[in-house]
Amino acid sequence: MIHFSCDRCQRPIDAKQAVRYVVKMEIEATLNTSGNDHGDDDQDSLLEMDQMLERLEEDALDEDNPVLYQRQRFDLCPDCYKQFVRNPFGREKVVPFGFSHN
């Protein structure tokens, strides 16, 4: 029998009594190319893009550089799912200060 546990709180998830939520994430690095839309520079842009891709391929082999693409999967219990949906990045909520109009 397969046993599941919540990847957030580590509690076991009983598949017969509780719903298990699966969160799938894809993370990919993107290149920010210049906003130049002129047709005259298409050939130069393609050459530039090719050179950037070559550098990225070389950098991907280097251990000091970040991963360009990553896929992750997490199992969550109902309680952790509710918390994740409300605040997926786990940021602390900032309460705005209210100043009087003097």
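Taken together, the values in this text are just the output of simple stated rules run on the coordinates, not laboratory data. Values in this document were obtained by computation on a predicted structure and should not be read as measured data. Note that each Cβ is placed from the backbone with ideal geometry, even for glycine, and that neighbours are counted across all protein chains shown.
Here are the numbers for the structure shown:
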{"quantity": "Two-site FRET efficiency, LEU47 against HIS3, from Cβ-Cβ distance with R₀ of 41 Å, rounded to 0.05", "calculated": "0.15"}
{"quantity": "Cα-based reach from LYS93 at 25 Å (exclusive), listing lysines while leaving out same-chain residues under 8 positions away", "calculated": "LYS24, LYS82"}
